[in-house]
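The values are calculated or read from the model by the stated rules, or taken from the named source; none is laboratory data. These numbers come from a predicted model, not from an experiment. Here Cβ is always computed from backbone atoms with ideal geometry, including for glycine, and neighbour counts include all displayed protein chains.
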Amino acid sequence: MWQTTIRDRIEIDGIGLHTGRKSRIMISPAPADTGIVFNFFNKNSLKVKVDSMIVSTNRGTILAHNGYFIYTVEHILSALNGLEIDNAEIILEGEEIPSCDGSAKFFVDKLKEVGIETLEKTRRVIQLQEPIWIFNGDKGIFALPSDKLSIYYIIEFPWIGRQWIFYEHSPTKYEQEVAPARTFGFEEEIETLVTEGLAKGGSLLNSIIVGKNGYSSPLRYPDEFVRHKLLDLMGDIYLLGRRINATIFVVKGGHNLHVELVKKIKEVIDGR
């Protein structure tokens, strides 16, 4: 299988979900073996990888390099992973990836608009040789060797109940079944989030608010909440720097658990 990039540059602007500030990203084609690279104001480049650059997984995945921060990278990384784009340069003006509608749909639409280009270089996909797992109380995540990527994800929340999904990856399935699922939060958490300096850009335009009286907007899928968790996982596992084939099971997961799995996979790969 060959590596890919995009055919032309795209620009996306908007408001950051957590910072509440305006931001803009420009995503450009990149040569084979570049990977996904963030460029801070054309000064500091940061290649996406899990080593020593994840500074927080609280309500989103935050990266840092030389005093620069990028908030909420998971949705754009999810779109790139879902469409199987191996190489791209992302120039960031601001501190956070634009939230758009709280899903990955807008990113997917823009990337497909310019098209995906095949490069004459073989794609290196991570293949697990043994099971890897992490358990923390009633939460857990584990990955099994496989020749393709498939995911079982289960969540359970107040006012939502238990939702579960099985996803067998393909770019088409990702675009149709995962990318449109929006981020969500709970009515009772809003005050806490504000106190923590988060969700400053949150609104009914980029998130679903869940409360005892229902949801702030009609759902795109009956199980949109678990689909969004799966979307986040697709972004977080791309911190490995390349695609992975595995069967991944997640019970009551989140960014912290996702990233812990990624770190453990990286340790195993480096130890071979």
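Since Gly211 meets every condition but one in (1) surrounded by fewer than 17 Cβ atoms within 10 Å (Cβ to Cβ); (2) touching a helix residue (DSSP H, G or I) at 6+ places or on another chain (Cβ under 6 Å); (3) at pLDDT 95 or above, which condition does it not meet?
For Gly211, the exception is condition (3).
Among the residues of region 118-146, write down those that are over 22 Å from the mean Cα position of the chain (by Cα) and in contact (Cβ under 8 Å) with a residue 12 or more places away in the chain. Break it down stepwise before answering.
Residues of region 118-146 over 22 Å from the mean Cα position of the chain (by Cα): 118-122, 129-131, 137-138.
Of everything in region 118-146, those that are over 22 Å from the mean Cα position of the chain (by Cα) and in contact (Cβ under 8 Å) with a residue 12 or more places away in the chain turn out to be Thr118, Leu119, Glu120, Lys121, Thr122, Gln129, Glu130, Pro131, Asp138.
Pull up region 40-52, narrow it to residues that are crowded, with 17+ Cβ neighbours inside 10 Å and more than 18 Å from His75 (Cβ to Cβ), then point me to the one that is modelled with the lowest pLDDT.
Narrowing region 40-52 to residues crowded, with 17+ Cβ neighbours inside 10 Å: 40, 46, 48-50.
In the following step, the residues that additionally are more than 18 Å from His75 (Cβ to Cβ) were identified as 40, 49.
On the way: Phe40: 72, Lys49: 59.
Checked region 40-52; the qualifying residue modelled with the lowest pLDDT is Lys49.
Among residues belonging to region 187-208 that are part of a loop (DSSP other than H, G, I, E, B) and either assigned by TED's automatic domain parsing to the domain that holds Lys22 or modelled with pLDDT of 80 or more (or both), point out the one that is farthest from Phe157 (Cα to Cα). Before the answer, list the steps.
Looking only at region 187-208, we keep the residues that are part of a loop (DSSP other than H, G, I, E, B), and these are 196-207.
Next cut, either assigned by TED's automatic domain parsing to the domain that holds Lys22 or modelled with pLDDT of 80 or more (or both) only: 205-207.
Numbers: Leu205: 22, Asn206: 20, Ser207: 16 Å.
Applying the filter and picking the extreme gives Leu205.
Looking at region 231-252, which of the residues that are over 23 Å from Gln129 (Cα atoms) and either under 15 Å from the mean Cα position of the chain (by Cα) or β-branched (Val, Ile, Thr) (or both) is surrounded by the fewest Cβ atoms within 10 Å (Cβ to Cβ)?
Filtering region 231-252 for residues over 23 Å from Gln129 (Cα atoms) gives 231-232, 252.
Now drop any that are not either under 15 Å from the mean Cα position of the chain (by Cα) or β-branched (Val, Ile, Thr) (or both), which leaves 231-232.
Details: Leu231: 30, Asp232: 24.
Selected residue: Asp232.
Identify all residues within region 127-147 that are hydrophobic (A, V, I, L, M, F, W, C) and surrounded by 14 or more Cβ atoms within 10 Å (Cβ to Cβ); write none if there are none. Step through it out loud before you land on a result.
Step one: of region 127-147, the residues hydrophobic (A, V, I, L, M, F, W, C) are 128, 132-135, 141-144.
The answer is Leu128, Ile132, Ile134, Ile141, Phe142, Ala143, Leu144.
So in region 85-103, with the set limited to residues that are in contact with a strand residue (DSSP E or B) (Cβ under 6 Å, 6 or more places away or on another chain) and among the charged types (D, E, K, R), which one is nearest to Thr118 (Cα to Cα)?
Filtering first and then ranking leaves Asp86.
Just need a number here: residues in region 83-96 that are in contact with a Phe, Trp or Tyr (Cβ under 9 Å, 6 or more places away or on another chain) and assigned to a strand (DSSP E or B).
Residues flagged as in contact with a Phe, Trp or Tyr (Cβ under 9 Å, 6 or more places away or on another chain) and assigned to a strand (DSSP E or B) within region 83-96 amount to 6.
Among the residues that make up region 97-108, is at least one of them among the β-branched types (Val, Ile, Thr), in contact with a His (Cβ under 8 Å, 6 or more places away or on another chain) and assigned to a strand (DSSP E or B)? Before the answer, list the steps.
To start, the set of residues in region 97-108 that are among the β-branched types (Val, Ile, Thr) comprises 97, 108.
Retained after the next criterion (residues that are in contact with a His (Cβ under 8 Å, 6 or more places away or on another chain)): 97.
Okay, now just the ones that are also assigned to a strand (DSSP E or B), so none.
Within region 97-108, none of the residues are among the β-branched types (Val, Ile, Thr), in contact with a His (Cβ under 8 Å, 6 or more places away or on another chain) and assigned to a strand (DSSP E or B).
Checking Ile116 against (1) assigned by TED's automatic domain parsing to the domain that holds Val251; (2) surrounded by 14 or more Cβ atoms within 10 Å (Cβ to Cβ), only one condition comes out false. Which one?
For Ile116, the exception is condition (1).
Go through (1) more than 16 Å from Gly254 (Cα to Cα); (2) at pLDDT 95 or above one by one and return the number of the condition Ile237 breaks.
All conditions are met except number (1).
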